[in-house]
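Q: One structure, pasted below without further comment.
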Amino acid sequence: MIAYRNMNLSMLPPISPVLQYVLLVWSIAWKGLALWRASKNDQKNWFIAVLVVNTLGILEIIYLFAFAKKKMTLSDLFFWKSKS
């Protein structure tokens, strides 16, 4: 068993700045979408949870596809495509 108490953060491998930027954009995009939906659906508890908890988009995706009053579908992600 690993003793996490004594673990120094400098022992972790470095993360490239490009990957950090990609993760930041990914997280902000999902968080913004989830906060928008939660506020439109008047789901205050979900709004607060999504606002406070940072999970790199995991909680936001779960909310949008499983718990939102109007659940999101994959076709909703491609809103710029024509529906003809």
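Q: When you look at Asn8, is it at pLDDT below 90 and loosely packed, with under 10 Cβ neighbours inside 10 Å, yes or no?
A: Here the answer is yes, as Asn8 does meet what is asked.
Q: Sticking with this one: Go through the residues of region 17-34 one by one and say whether even a single one is part of a helix (DSSP H, G or I), free of Cβ contacts under 8 Å to residues at least 12 places away in the same chain and aromatic (Phe, Trp, Tyr).
A: yes
Q: Could you check how many residues of region 37-61 are among the aliphatic types (A, V, I, L, M), closer than 18 Å to Leu23 by Cα and either surrounded by 15 or more Cβ atoms within 10 Å (Cβ to Cβ) or touching a Cys at 6+ places or on another chain (Cβ under 7 Å) (or both)?
A: 3
Q: Any idea which of (1) over 13 Å from the mean Cα position of the chain (by Cα); (2) surrounded by 13 or more Cβ atoms within 10 Å (Cβ to Cβ) is the one Leu64 doesn't satisfy?
A: Only one criterion is unmet by Leu64, namely (1).
Q: Also: Among the residues of region 52-64, is there at least one that is part of a helix (DSSP H, G or I) and modelled with pLDDT under 85?
A: No, region 52-64 contains no residue that is part of a helix (DSSP H, G or I) and modelled with pLDDT under 85.
The values are calculated or read from the model by the stated rules, or taken from the named source; none is laboratory data. Note that the coordinates shown come from a computational prediction; the quantities given were computed from them, not determined experimentally. Backbone-built Cβ (ideal geometry, glycine too); neighbour counts: all protein chains shown.
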